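Asker: The structure follows.
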Amino acid sequence: MIERVPTYTADQVRDAERPLLEAHVPLMQRAAAALAAIAREELMGAPGARHFAPLEPVVRERADAPRPRVLVLVGSGDNGGDALYAASRLAPVADVDVLLVSERFHEAGFAAAVGAGVRWIELPEAADAGADYALVIDGILGIGASGRSALRGRAREAVTALLPLARRGGMPRVVAVDIPSGLDPDSGAADDAVLPASVTVTFGAVKAGLAAGRGPQLAGDVVLVDIGLGLEGVQPVGEASVSRVVTAPQG
């Protein structure tokens, strides 16, 4: 069911996050739990739910059935941390590869992912295996890129290497973390180096850029995850349609 919800700027969302982060509210873990649950739905074809229980291993009909493969693209910011913790939660049900597109990354999230059995790979292997993945999780850039959203360096190289699959119709489903990487969170501006998402899982509030410019074209279905931001007294900048609103586990 389509719902209309308010949209906010990146600055408004960061301002709402700040007191929670200072109080050590585990926003990243909430986001990662919801992201992993939605990614699991994409893999397993499960219907959506408004509240997510902890992930449990999937019992397959055949013990020798192949596990789905997942590629996780990881940047240097909090989106990369969300994606890494989600990868660790997906490891019981899928073969998960992580491609780091920056020399900086969320070290605790990376340790959790590797400890769960996730593989760290390089770009040539990811590009060669592109069509074999059932799902790609795009955790390269988030709202911290406002005003300078175009991908650069290894991030741009990785997306450019995967885009031909999309043009040939062989692209796996893509789940964008918060926003598609390379999309400006406020204006919706983007160049051609953006992976079009099948689903965008956006945290706390719908970013204005998802409903402006190229946002609707690149975001796919938008799922809004309530992670407990206090935006009730903040003036929204617009409205957007989302496919559903879900509540992240509180912890």
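The values are calculated or read from the model by the stated rules, or taken from the named source; none is laboratory data. In this text the structure is predicted, and so the values were computed from the model without any measurement. We place every Cβ from the backbone using ideal geometry, glycine too, and count neighbours over all the protein chains shown.
Asker: When you check LEU100 against the structure, is it of a type outside the set (Val, Ile, Thr), touching a helix residue (DSSP H, G or I) at 6+ places or on another chain (Cβ under 9 Å) and modelled with pLDDT of 95 or more, yes or no? Don't jump to the end; show me each part of the working.
Answerer: Working: of a type outside the set (Val, Ile, Thr): yes; touching a helix residue (DSSP H, G or I) at 6+ places or on another chain (Cβ under 9 Å): yes; modelled with pLDDT of 95 or more: yes.
In short, yes.
Asker: Please list, ordered by first then second residue, the pairs with beta carbon atoms under 7 Å, 6 or more apart or interchain, first in the range 95-114 and more than 22 Å from PRO66 (Cα to Cα), second among the basic types (Lys, Arg) and not in a loop (DSSP other than H, G, I, E, B).
Answerer: Qualifying pairs under 7 Å: VAL101/ARG154; SER102/ARG154.
Asker: Which one is surrounded by the fewest Cβ atoms within 10 Å (Cβ to Cβ) among residues in the range 223-247 that are of a type in the set (Ser, Thr, Tyr) and touching a Lys or Arg at 6+ places or on another chain (Cβ under 8 Å)?
Answerer: First, the residues of the range 223-247 that are of a type in the set (Ser, Thr, Tyr): 241, 243, 247.
Now narrow it down to the ones that are touching a Lys or Arg at 6+ places or on another chain (Cβ under 8 Å): 241, 247.
Details: SER241: 14, THR247: 16.
Filtering the range 223-247 for residues that are of a type in the set (Ser, Thr, Tyr) and touching a Lys or Arg at 6+ places or on another chain (Cβ under 8 Å), the one surrounded by the fewest Cβ atoms within 10 Å (Cβ to Cβ) comes out as SER241.
Asker: GLY204: out of contact with any Ser or Thr (no Cβ under 8 Å at 6 or more places or on another chain), crowded, with 24+ Cβ neighbours inside 10 Å and under 16 Å from GLU3 (Cβ atoms), yes or no? Walk me through it before giving the result.
Answerer: Values: out of contact with any Ser or Thr (no Cβ under 8 Å at 6 or more places or on another chain): yes; crowded, with 24+ Cβ neighbours inside 10 Å: yes; under 16 Å from GLU3 (Cβ atoms): yes.
In short, yes.
Asker: Considering only the range 110-144, state which residues are among the small types (Gly, Ala, Ser), in a loop (DSSP other than H, G, I, E, B) and modelled with pLDDT of 95 or more.
Answerer: Narrowing the range 110-144 to residues among the small types (Gly, Ala, Ser): 111-113, 115-117, 126-127, 129-131, 134, 139, 142, 144.
Those still in the list that are in a loop (DSSP other than H, G, I, E, B) too: 116-117, 129, 134, 142.
Once the filter is applied, which keeps residues that are among the small types (Gly, Ala, Ser), in a loop (DSSP other than H, G, I, E, B) and modelled with pLDDT of 95 or more, the range 110-144 yields ALA116, GLY117.
Asker: In the list ALA176, ALA158, which residue meets the criterion of being closer than 14 Å to VAL74 by Cβ and assigned to a helix (DSSP H, G or I)?
Answerer: ALA158
Asker: Residues in the range 174-182: is at least one modelled with pLDDT under 95 and either surrounded by fewer than 23 Cβ atoms within 10 Å (Cβ to Cβ) or out of contact with any helix residue (DSSP H, G or I) (no Cβ under 9 Å at 6 or more places or on another chain) (or both)?
Answerer: Among the residues of the range 174-182, not one is modelled with pLDDT under 95 and either surrounded by fewer than 23 Cβ atoms within 10 Å (Cβ to Cβ) or out of contact with any helix residue (DSSP H, G or I) (no Cβ under 9 Å at 6 or more places or on another chain) (or both), which makes the answer no.
Asker: Output the number of the condition that LEU165 fails; it satisfies all remaining conditions of (1) at positive phi; (2) at pLDDT below 95.
Answerer: (1)
Asker: Also: For the condition without any contact (Cβ under 8 Å) to a residue 40 or more places away in the chain and in contact with a Gly (Cβ under 9 Å, 6 or more places away or on another chain), what is the one hit in GLY213, GLY228? Let's see the steps before the verdict.
Answerer: On the way: GLY228 fails: without any contact (Cβ under 8 Å) to a residue 40 or more places away in the chain.
Checking each option against the conditions leaves just GLY213.
Asker: Could you list, in sequence order, the residues of the range 226-251 that are among the charged types (D, E, K, R) and more than 22 Å from MET28 (Cα to Cα)?
Answerer: Residues of the range 226-251 among the charged types (D, E, K, R): 226, 232, 239, 244.
Within the range 226-251, just GLU239 meets the criteria.
Asker: Suppose the filter is closer than 19 Å to ASP15 by Cα and of a type outside the set (A, V, I, L, M); does ASP192 pass it?
Answerer: Values: closer than 19 Å to ASP15 by Cα: no; of a type outside the set (A, V, I, L, M): yes.
It is false that ASP192 is closer than 19 Å to ASP15 by Cα and of a type outside the set (A, V, I, L, M).
Asker: For residues that are touching a Lys or Arg at 6+ places or on another chain (Cβ under 8 Å) and in a loop (DSSP other than H, G, I, E, B), scanning just the range 1-28, find the one that is surrounded by the most Cβ atoms within 10 Å (Cβ to Cβ). Spell out the reasoning first.
Answerer: At the first step, the residues of the range 1-28 found to be touching a Lys or Arg at 6+ places or on another chain (Cβ under 8 Å) are 1, 3, 7-10, 13.
Next, only the ones that are in a loop (DSSP other than H, G, I, E, B) stay: 1, 9.
Numbers: MET1: 7, THR9: 21.
My answer is THR9.
Asker: Ok, one more. Does GLY220 satisfy the condition of being farther than 26 Å from ALA23 by Cα, touching a residue at least 12 places away in the same chain (Cβ under 8 Å) and surrounded by 20 or more Cβ atoms within 10 Å (Cβ to Cβ)?
Answerer: Values: farther than 26 Å from ALA23 by Cα: yes; touching a residue at least 12 places away in the same chain (Cβ under 8 Å): yes; surrounded by 20 or more Cβ atoms within 10 Å (Cβ to Cβ): no.
No; evaluated as a whole, the condition is false for this residue.
Asker: While we're looking at this one, here's another question. Among the residues that make up the range 45-66, is at least one of them surrounded by 12 or more Cβ atoms within 10 Å (Cβ to Cβ), farther than 21 Å from GLU232 by Cα and modelled with pLDDT of 90 or more?
Answerer: Looking for residues that are surrounded by 12 or more Cβ atoms within 10 Å (Cβ to Cβ), farther than 21 Å from GLU232 by Cα and modelled with pLDDT of 90 or more, one finds none in the range 45-66, hence no.
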